[in-house]
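Enquirer: One structure follows; several queries about it will come next.
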Amino acid sequence: MHELQRTAMQSHSLTFVHIIIRAICSLLCWLYIYALPHNSTAQVLDTFTNLIPNASFEQLANPPIGWFINGRAFSRVVKYWTSPTGASPDLYGPGVVVPHAWTAKGFGQISPADGQFFIGLTLYGCRGGKPHCREYVQVPLKEPLVAGQTYAFSVKIAALPGALRINRIGVWFSKVPIQIKDVVLLHESPYWQCEQIIDPRPGQWLSLSGQFTAREDGRFLILGNFFTDAETQVQTAAPAPSTFAFAYYYFDALSLCKVPPIIDAPIPDDDLSKLEPKVGMVVTLKDIYFDFDEYELVPLAFVELEKLVRLLQRYPRMAIEIRGHTDSIGPENYNRYLSRKRAKAVVHYLMKRGIDPRRLYYKGLGEVYPIDTNETEEGRRRNRRVEFVILRM
């Protein structure tokens, strides 16, 4: 297993080396670099770029109104981040009202490691009957992983005083977003995990870091404990016996960067760079995801949209219509409204990239043209799509 580098620190004290690394990543995090040959259309981010958007949970999609009772409530608040299951991760920071009964037990009584916000997850305690005993958070990356590429992952972690201490906290990457209504264990094989029991001192954050080699082109990072209680090592919090029969940790300041040498992503046969457009052709765009129940594009979508920009630049007479589709969950009128707003968001992106608006049209079709069943999550995922039809050349 990958080496764990574990460095204790005070809330406001970092090592000199860590400060330098953080400064470099912060400076370059927003830069998108297109340093490829002219005959390539793949988008490549700089080596130092943090591939995790909103990595310190500072951006909110909606104002927090209190603690969350389910995963959907968390997903509506923290920008780009969602709960992949029905369990409810916790957000801490300005405007978040933690019930007094829980603050009295010590929940949230720690300063953030970075910025103003941080999150908390329950990661052990199913055998003790703890509700929501496995909580996870999920975020789309800024670009897909490249199979065979080495990545460096790091995170700041602290623990609830009096809670149990465990190992096997890690990250797994999925090709598609996980959307499970029930509170379940995601029994997956993490790309990276901490095999040592994580036992921070009260009120302090630890820096956990390690490296892994990507197995496939994962697009969504999921953080949590992917093992059963029986498969997880546990100990009481030192020096006093544990007050709680579950493990609860805080997380902040995640980072995921490429480690040289950099491997070029393969270009599949159905990539937009290989498209030979014809009038009437309908093309489904890949990885066009939006924030939860919103119409704002997530950064992962920019990779595919940049390819569409280049296609429109190669064929300056081509006009297209962007069409948004949804699954059948929710009222039909709302689905049509949401699909129209999402199609419009794609058009706005293309216009900002210099495409003449007279070449762009959009339409929201809602749930009326499914390409798969709406009875399964996989079918609903395929039905939630954005496509374009070529109107003229």
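The values are calculated or read from the model by the stated rules, or taken from the named source; none is laboratory data. The structure displayed is predicted, hence computed values, not measured ones. Backbone-built Cβ (ideal geometry, glycine too); neighbour counts: all protein chains shown.
Enquirer: Checking the structure you have, find out if any residue of segment 162-175 is farther than 15 Å from residue 224 by Cβ, part of a strand (DSSP E or B) and outside the structural domain of residue 374 (by TED's automatic domain parsing).
Expert: Yes, segment 162-175 contains a residue that is farther than 15 Å from residue 224 by Cβ, part of a strand (DSSP E or B) and outside the structural domain of residue 374 (by TED's automatic domain parsing).
Yes/no per residue for (1) more than 27 Å from residue 75 (Cα to Cα); (2) among the hydrophobic types (A, V, I, L, M, F, W, C); (3) touching a Cys at 6+ places or on another chain (Cβ under 9 Å):
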residue: 294; (1), (2), (3): no, no, no
residue: 317; (1), (2), (3): yes, no, no
residue: 354; (1), (2), (3): yes, no, no
residue: 361; (1), (2), (3): yes, no, no
residue: 368; (1), (2), (3): no, yes, no
residue: 380; (1), (2), (3): no, no, no
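Enquirer: Which of the residues that make up segment 36-63 are out of contact with any helix residue (DSSP H, G or I) (no Cβ under 8 Å at 6 or more places or on another chain) and either of a type in the set (Asp, Glu) or at pLDDT 90 or above (or both)?
Expert: Passing the criteria: 51, 52, 53, 54, 55, 56, 57, 58, 59.
Enquirer: With the requirement that a residue be surrounded by 13 or more Cβ atoms within 10 Å (Cβ to Cβ) and β-branched (Val, Ile, Thr), what does segment 92-131 give you?
Expert: Of everything in segment 92-131, those that are surrounded by 13 or more Cβ atoms within 10 Å (Cβ to Cβ) and β-branched (Val, Ile, Thr) turn out to be 96, 98, 110, 119, 122.
Enquirer: Given the criterion touching a residue at least 24 places away in the same chain (Cβ under 8 Å), under 30 Å from residue 150 (Cα atoms) and part of a loop (DSSP other than H, G, I, E, B), identify the matching residue among 227, 251, 302.
Expert: Among 227, 251, 302, only 227 is touching a residue at least 24 places away in the same chain (Cβ under 8 Å), under 30 Å from residue 150 (Cα atoms) and part of a loop (DSSP other than H, G, I, E, B).
Enquirer: Taking residue 143, is it surrounded by fewer than 20 Cβ atoms within 10 Å (Cβ to Cβ) and part of a loop (DSSP other than H, G, I, E, B)? Quick ask: steps written out before the conclusion?
Expert: Numbers: surrounded by fewer than 20 Cβ atoms within 10 Å (Cβ to Cβ): no; part of a loop (DSSP other than H, G, I, E, B): yes.
No, not satisfied.
Enquirer: Scan segment 310-353 residue by residue and report those that are hydroxyl-bearing (Ser, Thr, Tyr) and either part of a loop (DSSP other than H, G, I, E, B) or under 24 Å from the mean Cα position of the chain (by Cα) (or both).
Expert: 315, 326, 328, 339, 349 - these are the residues of segment 310-353 that are hydroxyl-bearing (Ser, Thr, Tyr) and either part of a loop (DSSP other than H, G, I, E, B) or under 24 Å from the mean Cα position of the chain (by Cα) (or both).
Enquirer: Pairs, please: C-beta under 8 Å, at least 6 apart or cross-chain, first residue under 15 Å from residue 137 (Cβ atoms) and touching a residue at least 60 places away in the same chain (Cβ under 8 Å) and in segment 87-107, second of a type in the set (D, E, K, R) and buried (at least 21 other Cβ atoms within 10 Å of the Cβ)?
Expert: Going by the 8 Å Cβ cut-off, the qualifying pairs are 87/134; 87/135.
Enquirer: Out of segment 267-289, which residues are surrounded by fewer than 21 Cβ atoms within 10 Å (Cβ to Cβ) and either free of Cβ contacts under 8 Å to residues at least 60 places away in the same chain or among the β-branched types (Val, Ile, Thr) (or both)?
Expert: 267, 268, 269, 270, 274, 275, 276, 279, 282, 283, 284, 286
Enquirer: Determine which member of the set 199, 182, 217 is surrounded by fewer than 18 Cβ atoms within 10 Å (Cβ to Cβ) and touching a Leu at 6+ places or on another chain (Cβ under 6 Å).
Expert: 217
Enquirer: Okay, next question. Scan segment 354-393 residue by residue and report those that are within 25 Å of the chain's Cα centre (by Cα), surrounded by 13 or more Cβ atoms within 10 Å (Cβ to Cβ) and either of a type in the set (Val, Ile, Thr) or farther than 24 Å from residue 181 by Cβ (or both).
Expert: The answer is 386, 387.
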